[in-house]
Amino acid sequence: MLSFTRRVFLGLSLLALTACSDAKEITEDTPLVDLGDFALGHNVVVATDAQKAPFSRNATEEELETALKAAMQARFGRYDGDKLYHIGIKVDAYGLAAPGIPVLFTPKSVLVLTVNIWDDSKGVKLTEKPKLLTVFESLNGHTLVGSGLTRSREEQLDILTRNAALKVERWLLENGQWFGVEPIAPESSDADEAKAALEVLAPEAVEQPTISN
């Protein structure tokens, strides 16, 4: 079992990849970002054999796929650029925080995704390798004591998938050259995303920090 100190460290380290607030529902007033010539083509989400995080509530493949596909369509279906781009997402793992589990084990719910994108007009995949994205609920009054106590399974999944679509949008902005616009600076590295996923799904595999007295 993890030591108390290590659980504290792991719980706090997850905050590095946590947004300041959860993504709001898309409305007609939600602003668009500059994605150049982007228009959404195929919106593919696959959750086959998705790993369930420790202490997670259950979710079916269909539930994961339906919720994430809807969130992606809501965010990206608004763009009307001159070229079609296809986005494919694999749900590698998920966690929906369960009630009654100490916050240090599951500070918030999570989705671990790998994402690819294709340029339809060129018939090429733009991603040399799939992009790993680790998506959390934000830290707030609902999640500080574990969202399993304050949110239903459906609410957790809705928030997670909205956050995921927003994170995909930022990743596209970080690769703006694909769409004929200036890219923005990356928010996190591939190593950061991988470490965050590992801390949730296999915490024993993460090296324990040395704590000096």
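General observations
- Per the listing Glu154, Glu204, the residue uniquely part of a helix (DSSP H, G or I) and at pLDDT below 90 is Glu204.
- Hits in segment 34-68 - residues which are more than 17 Å from the chain's Cα centre (by Cα), open to solvent by less than 50 Å² (accessible area, probe 1.4 Å) and not charged (D, E, K, R): Leu35, Gly36, Phe38, Ala39, Leu40, Gly41
- Segment 108-123, residues that are within 13 Å of Ala39 (Cβ to Cβ) and open to solvent by less than 30 Å² (accessible area, probe 1.4 Å): Ile117, Asp119
- In segment 108-126, the residues that are more than 18 Å from Gln177 (Cβ to Cβ) reach residues that are aromatic (Phe, Trp, Tyr) and open to solvent by less than 70 Å² (accessible area, probe 1.4 Å) with C-beta atoms within less than 6 angstrom, at least six apart or across chains, in these pairs: Lys108/Phe136; Val110/Phe136; Leu111/Tyr94.
- In segment 32-133, counting only strands (runs of 3 or more DSSP E) that sit wholly within it, the ones holding 2 or more residues that are hydroxyl-bearing (Ser, Thr, Tyr) span 83-95.
The values are calculated or read from the model by the stated rules, or taken from the named source; none is laboratory data. Note that the coordinates shown come from a computational prediction; the quantities given were computed from them, not determined experimentally. Don't worry about glycine lacking a Cβ; one is built from the backbone with ideal geometry, like all the others, and counts go over all protein chains shown. Side chains are part of the model used for accessible areas, which takes the heavy atoms of the whole protein and leaves out ligands, DNA and RNA. Shrake-Rupley method; radii C 1.70, N 1.55, O 1.52, S 1.80 Å.
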